[in-house]
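Here is the structure we will look at.
The values are calculated or read from the model by the stated rules, or taken from the named source; none is laboratory data. Bear in mind the structure is a predicted one, so any value in this text is a computation, not a measurement. Positions of Cβ are backbone-derived with ideal geometry, glycine not excepted, and every protein chain shown enters the neighbour counts. The area values use the complete protein model at the heavy-atom level, side chains included, leaving out ligands, DNA and RNA. Shrake-Rupley method; radii C 1.70, N 1.55, O 1.52, S 1.80 Å.
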Amino acid sequence: LDKTREFLILHGDIMLQENASNYLLLASLEDEMNGFRDKMRLTARQSQIVSNIAELAKTMKTHPGNVINPFFKRIEEKEHLEGFQTGLEAFVQNLIKRAVVKKKEIDEERAMEEGTDLADVPKDDRLGPGGLDPVEVFESLPASMQDAFESRDTDMLKRALMEMSPEDAEKHLKSCVDSGLWNEA
C-alpha cells in the first residue's frame with residue numbers, strides 16, 4: 001500500500017482522472033480472461049483504491065489528490081482495512097464471474113464469425129440463461145422464425161410471431177430467451 005500511496009502522490013493527476021478506475025477495471029477483467037489471476041488481483045486492488053479515493057473526494061467535495069493521504073491513513077485502521085478487503089474480495093469474485101461470461105460471449109462471437117456450428121460445441125457449454133440448448137430450441141422453431149434468426153432480421157421475426165397464436169408466440173419467445181437465442185434487453 002505504501003508504494004501505491006507514493007505512486008498516487010506523484011502521478012495523481014493522471015491516476016485520479018475519471019476514466020482511470022474504468023481503465024483499471026477493464027485491465028483487471030482482461031487479466032482474468034487471459035489467466036493472469038495474480039495480476040488481476042493486483043490491478044483490481046489498484047482499481048478499488050482509485051475508486052475509493054474518488055468517492056471519498058466526492059463526499060468531501062474536494063479534488064481526489066487532496067484525499068490520498070487521508071484515505072491511506074484511514075485504511076491503516078483495522079476496521080477500515082477489513083472493510084476495504086471485504087469489498088475488494090467481492091469485487092474480485094464479480095470480476096471472475098464476469099470474465100467467464102465475457103470469455104464465453106467472445107468464443108460464441110468468434111464461432112459465429114468463423115462459421116463454426118454451435119452443434120460442435122459441447123451441450124453443457126452452450127446452454128442458455130434458462131438452461132435450454134439453443135441448438136435444440138432453434139431446430140424446434142417454425143421455419144419462419146428460423147429464417148428470421150439466420151438473417152438476423154428482427155422485423156421478419158416480429159412478423160413470424162404475429163402470424164402465430166399468442167400462446168405459441170409466447171412459448172417460442174420464452175424458449176428463445178431461455179436458450180440465449182434472444183436477449184430481452
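The table for this structure:
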{"quantity": "Candidates D38, D153, D133: whichever shows maximal mean-square fluctuation once the chain is modelled as a Gaussian network with Cα springs under 10 Å", "calculated": "D153"}
{"quantity": "Carbon + sulfur, % of accessible area of the stretch 67-185 - ligands and nucleic acids excluded, 1.4 Å", "calculated": "52"}
{"quantity": "Using alpha-carbon coordinates, inclination of helix 20-33 to the longest axis of the chain, degrees", "calculated": "60"}
{"quantity": "Förster-model FRET efficiency, 45 Å R0, R74 and K171, C-beta, rounded to 0.05", "calculated": "0.20"}
{"quantity": "Sparsely packed GluC sites (Glu not before Pro) within the stretch 4-52, loop by DSSP, other Cβ within 10 Å at most 11", "calculated": "E18"}
{"quantity": "Label-point gap, in nm, between F36 and Q93 - each point 7 angstrom along Cα→Cβ", "calculated": "2.6"}
{"quantity": "In Hz, Karplus ³J(HN,Hα) per residue of the stretch 159-176 (6.51, -1.76, 1.60; θ = phi - 60°; x = Gly, Pro)", "calculated": "4, 4, 5, 5, 6, 9, 5, x, 5, 5, 4, 5, 4, 5, 5, 4, 5, 5"}
{"quantity": "Placed amide H near G180: partners under 5 Å, 5+ positions off or other chain", "calculated": "G130"}
{"quantity": "Structure-derived P(r) over Cα pairs in 10 Å bins from 0, in percent: which label, when the choices are [x] 8, 26, 21, 15, 17, 10, 2; [y] 10, 42, 38, 9, 0; [z] 7, 26, 32, 28, 6, 0", "calculated": "[x]"}
{"quantity": "Solvent-free Debye scattering, log10 I(q)/I(0), computed from the Cα coordinates of the stretch 70-170 at q = 0.14, 0.21, 0.23 Å⁻¹", "calculated": "-0.72, -1.16, -1.23"}
{"quantity": "Given K3/K61; K39/K123; K97/K158; K3/K39, the pairs whose alpha carbons are separated by over 23 Å", "calculated": "K3/K61; K39/K123; K97/K158"}
{"quantity": "Under the Karplus curve 6.51 cos²θ - 1.76 cosθ + 1.60, θ = phi - 60°, whole-Hz ³J(HN,Hα) for the stretch 127-132, x wherever Gly or Pro sits", "calculated": "4, x, x, x, x, 9"}
{"quantity": "Full-stretch length increase - T62, E105 - with 0.36 nm per residue and alpha-carbon distance subtracted", "calculated": "11.5 nm"}
{"quantity": "Estimated vicinal HN-Hα couplings, Hz - the stretch 139-155 in sequence order (Karplus 6.51, -1.76, 1.60; Gly, Pro = x)", "calculated": "5, 8, 6, x, 4, 5, 6, 4, 4, 5, 5, 5, 8, 6, 10, 5, 5"}
{"quantity": "Neighbour-limited loop hits for trypsin sites (Lys or Arg not before Pro), the stretch 1-86 (at most 10 other Cβ within 10 Å; DSSP other than H, G, I, E, B)", "calculated": "K61"}
{"quantity": "Rg ratio (alpha-carbon, reference 2.2 N^0.38 Å) - the stretch 48-100", "calculated": "1.28"}
{"quantity": "Rough spin-label spacing in nm, given labels placed 7 Å along Cα→Cβ, for Q85 and D153", "calculated": "6.0"}
{"quantity": "Within a Gaussian network of the chain (alpha carbon springs, distance under 10 Å), most fluctuating of E79, E105, E150", "calculated": "E150"}
{"quantity": "Sites E163 and L127 - FRET efficiency at Förster radius 25 Å, r taken between beta-carbons, to 0.05", "calculated": "0.30"}
